[in-house]
1. Six or more apart or on different chains, Cβ under 6 Å: which pairs go from a residue in region 161-178 that's more than 11 Å from Arg203 (Cβ to Cβ) to one that's hydroxyl-bearing (Ser, Thr, Tyr) and open to solvent by less than 40 Å² (accessible area, probe 1.4 Å)? Could you list them?
2. Collect the residues in region 239-268 that are closer than 25 Å to Arg281 by Cβ and of a type outside the set (Asp, Glu), keeping them in residue-number order.
3. Only one residue in Gly244, Gly268 is among the small types (Gly, Ala, Ser) and open to solvent by 10 Å² or more (accessible area, probe 1.4 Å). Which one?
4. For region 276-293, enumerate the residues that are among the hydrophobic types (A, V, I, L, M, F, W, C) and open to solvent by less than 50 Å² (accessible area, probe 1.4 Å).
5. Anything in region 334-357 that is crowded, with 22+ Cβ neighbours inside 10 Å and among the aromatic types (Phe, Trp, Tyr)? List them, or say none.
6. Consider Glu325 against the criteria (1) in a loop (DSSP other than H, G, I, E, B); (2) of a type outside the set (Lys, Arg); (3) exposed (fewer than 15 other Cβ atoms within 10 Å of the Cβ); (4) at pLDDT 95 or above: it satisfies all of them except one. Which criterion is unmet?
7. Would you list the strands (runs of 3 or more DSSP E) that sit entirely within region 239-303 and hold 1 or more residues that are touching a helix residue (DSSP H, G or I) at 6+ places or on another chain (Cβ under 9 Å) and of a type in the set (Ser, Thr, Tyr)?
8. Starting from residues that are over 21 Å from the mean Cα position of the chain (by Cα) and among the hydrophobic types (A, V, I, L, M, F, W, C), keep the ones in region 307-322 and report whichever is least open to solvent (accessible area, probe 1.4 Å).
Amino acid sequence: MKYLFFLIIFCVGFWAAVSLLKPKPNPAKNSQTTAAVKTYPIQLGEPRTSIFVPYWSLSESDAPFSSPGTINRPIDTAIYFSVSATTSGINTSNTGYVNLPEFIARSANTPNTLLTISMVDDDVNNSVLESPAAQEKIISQAVTIAKNNEFDGIILDLEVGGFASKEVNTQILNFVKNASEIVKKGNLSFAITLYGDSFYRNRPYSIELLSPFVDQFYIMAYDLHKLWGTPGPNFPAKGSDIFGYDMQTMIRDMLKFTTRDKLTIIFGLYGHDWMVDEKKRPFTAAKTLTQSQIQKKFIDSCVMKNCVIKRNPYALETEINYVDEQAQYHIVWLEDAGSVSQKIELLKEFGINAVSYWAYSYY
């Protein structure tokens with residue numbers, strides 16, 4: 001009994017000592033941790049709405065630049081797409097450069113205009129990224145063009161393929177840093193485009209390091225499902241467990257490395273039409289259709305066999321299933337005014353009120 005008594009006393013004393021040494025909850029610390037990761041409620045800024053105007057679309061209409069369909073957001077910025085870059089500088093023989101005066105005339109009543117430098121050729125991009133001299137020439141010439149035509153800023157559309165690597169990430173960072181310095185000396189704003197799937201597909205853009213040098217990231221929130229891939233939404237609002245990734249996940253990823261005031265989300269106002277087998281596997285690459293083409297072919301009156309049109313509750317985009325004249329099964333996904341309106345409301349939950357449309361004449 002004596003030993004049992006001492007054993008009980010020892011256990012009680014040990015338990016008391018452990019209790020005293022155990023850290024006590026700190027309500028202040030916990031509340032700070034919660035506040036640090038909380039993203040909303042958020043004060044929403046003034047709406048900013050822009051539209052990309054491709055050089056090839058200028059002759060199709062002389063109507064004022066406007067938002068698609070029923071979206072009630074006046075256009076405050078027209079973005080010219082584009083002048084193209086080569087290893088020797090801006091290509092002044094390209095139609096994009098030649099059509100600049102027409103864009104300037106059409107955008108006379110638009111409050112702001114931006115000039116896009118298009119860099120979408122992998123061979124050209126690789127060479128330019130390895131040549132600071134080529135970079136300086138491209139940006140300096142673009143600044144001259146922008147100022148001569150009274151643009152308010154420049155967007156660098158540097159679309160580099162492949163996965164992230166230390167070398168390529170550093171090359172892009174150095175290019176953007178140098179470009180920013182040159183553009184800012186010209187008293188112009190500076191922005192770059194980013195893929196909407198930058199995180200999902202491990203693209204070579206170090207957003208946290210790029211952020212101090214740009215006034216705005218234009219996020220291309222489209223083409224999540226590729227032409228040669230399986231059918232799916234342009235860029236679903238939600239449903240990452242279904243589609244692999246979604247817009248709300250993308251925004252959360254972006255906000256880890258930059259601020260919401262630097263994000264402009266671009267909606268792609270078009271659709272893809274995949275011809276598929278019985279397991280919904282594509283036979284060939286999908287065909288891209290503008291919103292206006294889809295409206296005429298399917299929405300106004302769908303004469304195709306087994307034509308089913310429905311809006312997906314997660315993606316918020318429209319899916320169309322039909323059978324063509326050769327008895328081939330097709331799946332179409334498209335972004336339209338209805339899905340854009342709902343996605344804009346989703347963005348507002350994150351404090352983002354800057355959107356853009358790709359592209360004028362597509363709707």
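1. These pairs meet every condition: Leu173/Ser206.
2. Taking region 239-268 as the starting set, the residues that turn out to be closer than 25 Å to Arg281 by Cβ are 239-246, 268.
Scanning region 239-268 gives Gly239, Ser240, Ile242, Phe243, Gly244, Tyr245, Gly268.
3. Numbers: Gly268 fails: open to solvent by 10 Å² or more (accessible area, probe 1.4 Å).
Going through Gly244, Gly268 in turn, just one is among the small types (Gly, Ala, Ser) and open to solvent by 10 Å² or more (accessible area, probe 1.4 Å): Gly244.
4. Taking region 276-293 as the starting set, the residues that turn out to be among the hydrophobic types (A, V, I, L, M, F, W, C) are 276, 283, 285-286, 289.
Scanning region 276-293 gives Val276, Ala285, Ala286, Leu289.
5. Within region 334-357, just Tyr357 meets the criteria.
6. All conditions pass for Glu325, except number (4).
7. Details: elements: 263-268, 270-276, 287-290.
In region 239-303, 270-276 are the strands (runs of 3 or more DSSP E) which contain 1 or more residues that are touching a helix residue (DSSP H, G or I) at 6+ places or on another chain (Cβ under 9 Å) and of a type in the set (Ser, Thr, Tyr).
8. Only one residue tops the list, namely Ile320.
The values are calculated or read from the model by the stated rules, or taken from the named source; none is laboratory data. The structure presented is a predicted model; accordingly, all values stated were derived computationally and were not measured. Note: ideal-geometry Cβ built from the backbone for every residue, glycine included; neighbour counts use all protein chains shown. What goes into the accessible areas is simple: the full protein's heavy atoms, side chains included, and nothing from ligands, DNA or RNA. Shrake-Rupley method; radii C 1.70, N 1.55, O 1.52, S 1.80 Å.
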